[in-house]
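Written below as structure tokens is the structure these notes are about.
The values are calculated or read from the model by the stated rules, or taken from the named source; none is laboratory data. Just so we're clear, the structure is a prediction, and the values are computed from it rather than from any experiment. Here the Cβ positions follow ideal geometry from the backbone for every residue, glycine too, while neighbour counts run over all protein chains shown. The accessibility values were calculated without ligands, DNA or RNA, using every heavy atom of the protein model including side chains. Shrake-Rupley method; radii C 1.70, N 1.55, O 1.52, S 1.80 Å.
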Amino acid sequence: FAHFISARGGDVVMRDYKKRYQPSPREPRSRALVCVFVICADTQVQAERLAQCVDLRRLNMDYGVNAPVPTLEEAE
């Protein structure tokens, strides 16, 4: 589940995957992998500032705008 793409519905997606999983010789059992997006900075204020780029990207996605992650200047 790619939390960094959509932060909603991970629990539902993972339950459904496990419920519907069909074993194969290569993958005899279901496996889960969760990816998260993390922003690190020296301070909370700096991290929040940097997060504006991702916030704007997610807002664009909600409105159906498929654009690259904006620069910090664009997000501000």
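Determine the order of L56, L72, L33, L50 by accessible area, beginning with the largest, at a probe radius of 1.4 Å. Write down the numbers at each step before the final one.
Values: L56 50, L72 30, L33 120, L50 75 Å².
Order by accessible area, largest first: L33, L50, L56, L72.
Rounded to the nearest 0.05, the FRET efficiency derived from the C-beta distance between R49 and I5 at R0 = 22 Å is 0.50.
Using heavy atoms of the protein chains and a probe of 1.4 Å, the accessible area assigned to D42 is about 150 Å². The stretch between R31 and E73 holds 11.1 nm of extra length on full extension. This uses 0.36 nm per residue minus the Cα-Cα distance. Relative to the longest principal axis of the Cα atoms of the chain, the long axis of helix 10-20 makes an angle of roughly 20 degrees.
Computed from Cα atoms, the angle from the helix 44-62 axis to the main principal axis of the chain rounds to 60 degrees. Net charge in the neighbourhood of S30 (other residues with Cβ under 10 Å of its Cβ; Lys, Arg +1, Asp, Glu -1) is +4.
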